[in-house]
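The values are calculated or read from the model by the stated rules, or taken from the named source; none is laboratory data. Remember, it's a predicted structure, so these values are computed and weren't measured experimentally. Backbone-built Cβ (ideal geometry, glycine too); neighbour counts: all protein chains shown. These accessible areas exclude ligands, DNA and RNA; they are computed on the full protein's heavy atoms, side chains included. Shrake-Rupley method; radii C 1.70, N 1.55, O 1.52, S 1.80 Å.
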Amino acid sequence: MQPSILIETKDYLIINKPAGLVVHADGKTNEPTLVDWVVKERPEMVGIGEPIHLGDQTIDRPGIVHRLDRETSGVMVLAKTAEYFDFLKNAFKNRNTEKKYNAFVWGQLKEDEGIVDVPIGRSSGDFRRWQSGRGIRGEEREAITKWKSLFRFEDEKGEPFSFLELFPKTGRTHQLRVHMKYLQRPIVSDGLYAPSKRQALGFSRVALHARSISFKDLSGNDVYVEAPYPADFEEALARYTKI
């Protein structure tokens, strides 16, 4: 449950977040968070960034510009200075960063690649979920995901699966999970968006990994960082895709 440091400069910190570690407190539960790790390991980052307000609670998020779901592993970039926080915040807002994810999904897409350009809104049937297509409640927000199929295969039971690269062009909550469900290719072991599906391919969590991130730094230099696959991805890749 400890993140590993991939790159560190005087301006930013890029880490590999393990699956199961929540980024920041939600005001309801008391559990270790990425914020706790930052406060302990890099106390000079406290006060950098913007807190969130949940009811009468203020939740500090030192250096955190973007987030990953609890069950999603992979690369995250954190700002170490106020100047860099503003810079990275604008880079994400203006889509000047590129994030690549990998996912195992149920089923096989006919095409080798494509784009999902379908808005996301709150689900009318479950307050925990977001949704594309019919059943959206309230505001619809633009959401765009590019996908590429790397491998198609079957498991020991003869059920079809795919290993994908996913490129979110927007940053909506649960975007990749929602868009894969919209394509009727939900991510493996996603209990929220594919509750009727069994856990598969050795995954006891959502089979989604933030593989890499790239952006230009303040000096205009290209930054590209890749997060190694965690053990469950390594095992599934070795067993099913032979790469």
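What the table below lists for this structure:
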quantity: Residue in segment 177-198 that is in contact with a Ser or Thr (Cβ under 6 Å, 6 or more places away or on another chain) and open to solvent by less than 10 Å² (accessible area, probe 1.4 Å) present; calculated: yes
quantity: In segment 146-168, residue nearest to M180 (Cα to Cα) [restricted to those that are free of Cβ contacts under 8 Å to residues at least 60 places away in the same chain and not in a strand (DSSP E or B)]; calculated: E159
quantity: Subset of segment 133-188 that is β-branched (V, I, T) and over 22 Å from R205 (Cα atoms) - its residue that is nearest to the chain's Cα centre (by Cα); calculated: T170
quantity: Residue under evaluation D36, criteria (1) part of a loop (DSSP other than H, G, I, E, B); (2) surrounded by 13 or more Cβ atoms within 10 Å (Cβ to Cβ); (3) at pLDDT below 95, criterion not met; calculated: (1)
quantity: Identity of the residue in segment 211-228, among the hydroxyl-bearing types (S, T, Y) and closer than 25 Å to T170 by Cβ, that ends up most open to solvent (accessible area, probe 1.4 Å); calculated: Y224
quantity: Subset of segment 99-113 (residues that are open to solvent by less than 90 Å² (accessible area, probe 1.4 Å), of a type outside the set (A, V, I, L, M, F, W, C) and at negative phi); calculated: K99, K100, Y101, N102, Q108
quantity: Residue within segment 51-58 that is touching a strand residue (DSSP E or B) at 6+ places or on another chain (Cβ under 7 Å), assigned to a strand (DSSP E or B) and under 26 Å from D190 (Cβ atoms) present; calculated: yes
quantity: So L208, is it open to solvent by less than 40 Å² (accessible area, probe 1.4 Å) and more than 28 Å from E140 (Cβ to Cβ); calculated: no
